[in-house]
Amino acid sequence: MKIVIPTNNKNGLDDQIAEHFGRCATYTFLDEKGTVIEIIDNTSEHMGGIGLPPELMKEHDANILLCKGLGSKAITLCEKLGIDVYVNQAKTVKNIFELWQNKKLKKAGSKDACEQHKI
């Protein structure tokens, strides 16, 4: 199992979770124990690269996305790619991981999309 969290820098568990899923600077990947296994730059089309953020995450074998929020199209694409999405307003990678680990987050669906991205 591989967990991905959109982040602002490369500060591991202490990093701040990015406010906007697709326009984050980096993605931090954890294993199921909460150990940081890799941090990558966001090279998706939202940052001038190629591909959508969920496709980039899947290329790195992500199964779970923990984030502050995302649009309904991104939720749908994650579902199609087999990535379970959980949203919460936690501040740091460590905080949101601990909430997920303790089963305090519910799986997100299209109704959980960011207001500005709802269709």
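The values are calculated or read from the model by the stated rules, or taken from the named source; none is laboratory data. Keep in mind it's a predicted model, so treat the numbers as computed, not measured. Ideal geometry is used to build each Cβ from the backbone, glycine not excepted, and the neighbour counts take in all protein chains shown.
Quick notes on this structure:
- Candidate set from region 1-36 (those that are among the β-branched types (Val, Ile, Thr) and more than 21 Å from Ile75 (Cα to Cα)); member that is surrounded by the most Cβ atoms within 10 Å (Cβ to Cβ): Val36
- Within region 16-37, being of a type in the set (Lys, Arg) and in contact with a Ser or Thr (Cβ under 7 Å, 6 or more places away or on another chain) holds for no residue.
- Among the residues of region 4-21, just one is assigned to a helix (DSSP H, G or I) and without any contact (Cβ under 8 Å) to a residue 60 or more places away in the chain, namely Phe21.
- Checked against (1) modelled with pLDDT of 95 or more; (2) in contact with a helix residue (DSSP H, G or I) (Cβ under 6 Å, 6 or more places away or on another chain); (3) assigned to a helix (DSSP H, G or I), Trp100 passes all but a single condition, namely (2).
- Note on region 53-78: residues that are modelled with pLDDT of 95 or more, out of contact with any Leu (no Cβ under 9 Å at 6 or more places or on another chain) and more than 16 Å from Glu32 (Cβ to Cβ) total 3.
- Scanning region 37-60 for residues that are aliphatic (A, V, I, L, M), in contact with a Phe, Trp or Tyr (Cβ under 8 Å, 6 or more places away or on another chain) and surrounded by fewer than 17 Cβ atoms within 10 Å (Cβ to Cβ) yields Ile37, Ile40.
- Residue under evaluation Lys103, criteria (1) over 14 Å from the mean Cα position of the chain (by Cα); (2) under 23 Å from Asn8 (Cβ atoms), criterion not met: (2)
- The condition of being buried (at least 16 other Cβ atoms within 10 Å of the Cβ), in contact (Cβ under 8 Å) with a residue 40 or more places away in the chain, of a type in the set (A, V, I, L, M) and assigned to a loop (DSSP other than H, G, I, E, B) holds for only one of Leu66, Leu70, Leu105, that being Leu70.
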